[in-house]
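**Student:** Before I ask anything, here is the structure I am working with.
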Amino acid sequence: MKSEKSTPSKPRILAAIPCFNEAPYIGSVVLQTKKYVDQVIVIDDGSTDNTAEIARAAGAVVIKHRQNYGKGVAVSSAFKEARLRKAEVLVLLDGDGQHNPAQIPEIIRPLLEKKADAVVGSRFLEAKKFVPKYRTFG
């Protein structure tokens, strides 16, 4: 699925990983994610551990916030960076390893086939009877 160069038939795919103090996990997440996208950006939201250094060593571009502003600001930074880098597809993943990067091709397929403008994944859909009520609203 990874495209070497963006062309009309191969859009530029960027993964962004907003995170805060995810040093134990971020290296593995970046390495796994790189297999499926053109570039991985880690938005380090003011971590006090070595999240940024580990992400960079694993091959990610790191955008570092001076302090912890919260996930919403980190996600906003991810969208801004995707626009600057002319990404045509942006995939957001958590830095703690809860999202499986191997599912990226399946998740972005509707975008690549022009069947959707946005795709939202949920790891709770398969286990519907076990989903807490508060997760079913919205």
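**Student:** If the chain between Val75 and Ala116 were fully stretched, how many nm would it gain, using 0.36 nm times the residue separation less the Cα-Cα distance?
**Tutor:** Gain on stretching Val75 to Ala116: 12.7 nm.
**Student:** Please give the contour-minus-distance gain from Asp96 to Thr48: 0.36 nm per residue of separation, less the Cα-Cα distance, rounded to one decimal in nm.
**Tutor:** 15.7 nm
**Student:** Tell me, what HN-Hα J-couplings in whole Hz come from the Karplus equation 6.51 cos²θ - 1.76 cosθ + 1.60 at θ = phi - 60° for each residue of region 67-76, using x for Gly and Pro?
**Tutor:** 9, 7, 9, x, 4, x, 5, 4, 5, 4
**Student:** Pull out the extension gain between Lys86 and Gln103, defined as 0.36 nm times the separation in residues minus the alpha carbon to alpha carbon distance; nm, one decimal.
**Tutor:** 3.8 nm
**Student:** How big is D for region 13-114, in µm² s⁻¹ as a whole number, if Stokes-Einstein is applied with the Kirkwood radius of its Cα pairs at 20 °C and 1.002 mPa s?
**Tutor:** Details: Rh = 13.3 Å.
It comes out at roughly 161 µm²/s.
**Student:** Got a sec? How would Leu14, Leu84, Leu93, Leu31 order by Cβ neighbour count within 10 Å, fewest to most?
**Tutor:** Values: Leu14 22, Leu84 8, Leu93 25, Leu31 15.
Ordered by Cβ neighbours within 10 Å, fewest first: Leu84, Leu31, Leu14, Leu93.
Each reported figure results from applying straightforward, stated rules to the coordinates on display, with no laboratory input. Note that this is a predicted model, so its numbers are computed, not measured. We place every Cβ from the backbone using ideal geometry, glycine too, and count neighbours over all the protein chains shown.
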